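Engineer: Here it is: the structure, laid out below.
Read the figures in this text as sums done on the coordinates, not as results from a lab. No experiment lies behind these values; they were computed from the predicted model shown. Here the Cβ positions follow ideal geometry from the backbone for every residue, glycine too, while neighbour counts run over all protein chains shown.
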Amino acid sequence: MPKYPRVNYIGNKEKLAGWIIGELPVASGTVLDLFAGGCSVSYALKKKGYAVISNDILYADYILGKALIENDRCTLKPSVFDIQPQKEREEKLEKQFSFLSERLYYSREVKELAHLAAVAEELCEEERYLFLALIRRAMIRKLPYSRMNVPWDQIKLLRNEAYSYEKYGRKRAYHNQTFESHMRENFEDYNRAVFTGQRKCTVFNCDAMELADKTDFVDVVYLDPPYPSTMNNYDAFYGLFDNMFQAGKKHADFTRRDCFLENLEELIRKLRGKTDYIVLSQNTRVRPEPEIIARMLGNYGQVSVREKKHNYQVTGKQNKNGSKELLFVVRMN
């Protein structure tokens with residue numbers, strides 16, 4: 001049985017995906033996962049036999065979708081690491097990635113990244129996305145707290161193994177491994193995660209509003225936007241990966257509490273007539289409060305709310321305790 005691999009994604013729904021799918025109002029059909037993020041829900045939907053339309057505005061997430069959702073048979077061979085790209089291309093990419101030097105990584109590591117990105121360009125499309133997904137995983141794994149907005153001085157401090165041992169009781173040597181070593185460690189897990197779904201799955205890299213405008217009828221739209229008033233700055237967490245490949249895009253802002261409800265309602269209006277059900281993930285910590293969200297959704301259909309205890313791990317053994325995960329299930333008018 002294929003298994004979703006480790007992707008290190010803040011707010012990932014891997015542990016909730018089974019519950020979410022069990023609460024869907026249809027047992028088959030087409031589901032649009034409009035804010036796919038780490039793609040764990042899209043992956044679980046694919047395993048359950050749904051046709052999946054998986055979308056995210058971040059290129060760092062799009063490559064995961066292309067590698068694990070749309071891709072249904074292509075895997076990588078270990079010999080991929082033996083490819084030697086043209087030096088001129090590596091040098092150009094090293095210059096393109098230079099903004100990462102002494103911001104996320106040391107200059108020698110940026111040079112290795114350029115080599116690996118040049119290798120990716122030598123591959124066919126399906127192989128390339130799987131290889132890029134491994135690069136992304138390696139980049140995140142090497143960073144303290146698995147995100148790209150940690151200040152460089154703190155990164156250097158936490159990569160000091162003696163300091164890490166004194167403070168945390170372990171050296172965290174994986175921060176200082178090469179990118180390639182991390183990729184090799186995860187190589188077979190990513191290969192084994194590839195499987196052929198029962199129905200066609202497609203992946204997009206669009207703003208949610210834009211794709212809602214373009215969407216034809218689907219059975220369910222699943223919405224997992226950034227939770228307002230929580231740790232939700234995904235552009236900062238992963239956007240530098242997009243900048244590496246010059247793939248950043250403007251998009252509607254669902255992170256701010258002062259405009260979340262307005263943007264969510266605009267999105268719901270765009271989806272009217274295009275689905276029978278909308279299923280929205282939030283939790284009890286969000287602001288605007290869940291009661292306010294439920295009232296707005298009630299203008300567009302019959303709303304029921306499901307809840308489940310769940311703690312999101314922040315770092316180490318720390319958790320955001322005391323919250324419940326919520327699912328708003330809207331049967332559209």
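Engineer: Looking at the chain as a GNM with Cα springs under 10 Å, which of Gly11, Gly169, Gly239 has the largest mean-square fluctuation?
Structural biologist: Gly169
Engineer: Report the calculated FRET efficiency for Ser28 and Ala236 (r = Cβ-Cβ distance, R0 = 41 Å), to the nearest 0.05. Intermediate results must be reported in sequence, preceding the final value.
Structural biologist: Numbers: r = 38 Å, r/R0 = 0.92.
Efficiency at R0 = 41 Å is approximately 0.60.
Engineer: Now a separate question. Please report the antiparallel percentage of DSSP beta bridges with both residues in the chain, rounded to the nearest 5. Walk me through the numbers before you get to the answer.
Structural biologist: On the way: 19 of 36 bridges.
Looking only at bridges with both residues in the chain, the antiparallel portion is about 55 percent.
Engineer: Using only Cα atoms, find the angle between the long axis of helix 125-141 and the longest principal axis of the chain, and express it within 0 to 90 degrees, rounded to the nearest 10.
Structural biologist: On a 0 to 90 degree scale, this one is about 80.
Engineer: Further question: For a protection proxy built on the mean count of beta-carbon atoms within 10 angstrom, sort 297-305, 160-168 highest first, please. Provide the component values of the computation, followed by the final result.
Structural biologist: On the way: 297-305: 14.8, 160-168: 12.9.
Top of the packing list down: 297-305, 160-168.
Engineer: Here is a further query. Rounded to the nearest 20 debye, what is the charge dipole size of the chain about its Cα centre when +1 sits on each Lys and Arg Cβ and -1 on each Asp and Glu Cβ? Each step should come with its number before you reach the end.
Structural biologist: On the way: 52 positive and 45 negative charges, 213 e Å.
Result for the chain is approximately 1020 debye, rounded to the nearest 20.
Engineer: Please work out the C-alpha center-to-center distance from region 136-153 to region 171-195 and express it in whole Å.
Structural biologist: After rounding, the separation between the Cα centres reads 14 Å.
Engineer: So which of Lys48/Lys309; Lys3/Lys77; Lys92/Lys156; Lys214/Lys308 end up more than 29 Å apart by C-alpha?
Structural biologist: Numbers: Lys48/Lys309 23 Å; Lys3/Lys77 19 Å; Lys92/Lys156 26 Å; Lys214/Lys308 33 Å.
Listed pairs above 29 Å: Lys214/Lys308.
Engineer: Mind ranking 77-83, 248-254 by how tightly packed they are, going by the mean number of other C-beta atoms within 10 angstrom, highest first?
Structural biologist: On the way: 77-83: 11.7, 248-254: 14.3.
The densest-packed peptide leads the list: 248-254, 77-83.
Engineer: Which of Lys47, Lys200, Lys309 ends up with the largest GNM mean-square fluctuation for the chain, with Cα atoms connected below 10 Å?
Structural biologist: Fluctuation is largest for Lys309.
Engineer: How are the alpha carbon pair distances in the chain distributed across 10 Å bins from zero to the largest one, expressed in percent?
Structural biologist: 6, 25, 33, 24, 11, 2, 0
Engineer: May I pose another question? Taking the highest mean first, how do the peptides 32-45, 175-188 order by number of other beta carbon atoms within 10 angstrom per residue?
Structural biologist: The densest-packed peptide leads the list: 32-45, 175-188.
Engineer: Counting pairs of alpha carbon atoms under 8 Å apart in space and at least six apart in sequence, what relative contact order in percent does the chain give?
Structural biologist: On the way: 555 pairs, mean separation 69.6, N = 333.
With pairs under 8 Å counted, the relative contact order is 21 percent.
Engineer: Turning to a different aspect of this structure: Assuming 0.36 nm per residue, please report the length gained on full extension of the stretch Arg199 to Gln86 beyond their Cα-Cα distance.
Structural biologist: On the way: separation 113, 0.36 × 113 = 40.68 nm, distance 3.93 nm.
Here the answer is 36.7 nm.
Engineer: On alpha-carbon atoms, Rg over Rh for region 237-333 using Kirkwood Rh? Please report the intermediate quantities before stating the final value.
Structural biologist: Values: Rg = 16.0 Å, Rh = 15.5 Å.
Rounded to two decimals, Rg/Rh equals 1.04.
Engineer: How far, in nm, would the chain grow between Asp253 and Arg306 when pulled straight, counting 0.36 nm per residue and subtracting the alpha carbon separation? Before the final figure, lay out the partial values.
Structural biologist: Details: separation 53, 0.36 × 53 = 19.08 nm, distance 2.56 nm.
Length difference between fully extended and current span is 16.5 nm.
Engineer: Once Lys and Arg get +1 and Asp and Glu get -1 on their Cβ, which of Ser28, Leu123, Tyr59 lies farthest toward the positive end of the dipole of region 1-150?
Structural biologist: Most positive-ward Cα: Ser28.
Engineer: If you line up the long axis of helix 107-121 against the longest principal axis of the chain, both from Cα atoms, how many degrees apart are they, to the nearest 10?
Structural biologist: The answer is roughly 60 degrees.
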